[in-house]
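To start, the structure itself, in structure tokens.
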Amino acid sequence: MGKLIVTEFMSIDGVAQAPGAPEEDPEGGFAYGGWQAPLIDRDEEHFIFEQAKGMDALLLGRRTYDIFAGYWPTAPAEFDFTALINRVPKFVASRTLQPPLGWDAASLLQGDLAEAVGELKDRFGHVHVIGSLDLVQSLLRLGLVDRLNLWVYPVVLAQGKRVFADGAVPTALRLTESRVFANGTVKLEYETAGEPAVGDIDADVDRLT
């Protein structure tokens, strides 16, 4: 079975809304659209693309699909991501969109979310999710996420949609990779590892001494 890999670009306080442009997602009066742009550098862009090259399929929520479909089909060819994003099969989880979708290689996810995503993981080795915060909350609640790629930027936004919003399911994570960039951004890669363990700090201290 393949893996579902979620990539999010987020502030230190967990906000991942509208990193790319001022008007990307102003929902809720979000005032900091495009917050990632002044912070990203070429080293990060290269590293992000190297990781993305392994995607076999892309799963998106409706809002992120609308943003991507409005940009990538006509994006400059010299951008590393342009050919990749336009080529890979894209699946959209939406109750409001109607087929056919206008973006090449894009189709609606049909039926029960858990079953449909399970079928994608059977068909593809690496299914990537980018942004799509509402969808990510559902995927986390259903235990369908295998890996989290979290890009944490040195900024506090104090408002906006968060990666781990209300209703997120408690989950233990295992750090598999980390990297710090010169601009202060930290890239953290986690695998999900079941439910969080609990214990007594006094008992654990006694055990370790």
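The values are calculated or read from the model by the stated rules, or taken from the named source; none is laboratory data. Nothing here was measured: the structure is a model prediction, and the numbers come from that model. Using ideal geometry, Cβ is built from the backbone for each residue, glycine included, and neighbour counts are taken over all protein chains shown. Ligands, DNA and RNA are excluded from the accessible area calculation, which covers all protein heavy atoms including side chains. Shrake-Rupley method; radii C 1.70, N 1.55, O 1.52, S 1.80 Å.
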Chain lengthening between Ser138 and Thr176 when straightened (0.36 nm per residue, less Cα-Cα): 11.3 nm
Could I have the simple spin-label model distance between Ala21 and Ala75, label points 7 Å from Cα toward Cβ, reported in nm to one decimal? 1.1 nm
Under the Karplus curve 6.51 cos²θ - 1.76 cosθ + 1.60, θ = phi - 60°, whole-Hz ³J(HN,Hα) for the range 55-68, x wherever Gly or Pro sits: 6, 9, 7, 10, 10, 9, x, 4, 5, 5, 4, 4, 5, 5
Exposed-loop cut sites defined as GluC sites (Glu not before Pro) in DSSP loop states with at most 11 other Cβ within 10 angstrom; longest site-free run of the chain spans 79-209
Specify, per residue and in Å³, the volume enclosed by the convex hull of the alpha carbon atoms belonging to the chain. 151 Å³
Give me the percent of the accessible area of the range 66-128 that comes from carbon and sulfur atoms, probe 1.4 Å, all protein chains in place. 53 percent
The chain: relative contact order as a whole-number percent, Cα under 8 Å and 6+ apart: 30 percent
Tell me, what is the per residue accessible area of the chain in Å², probe radius 1.4 Å? 54 Å²
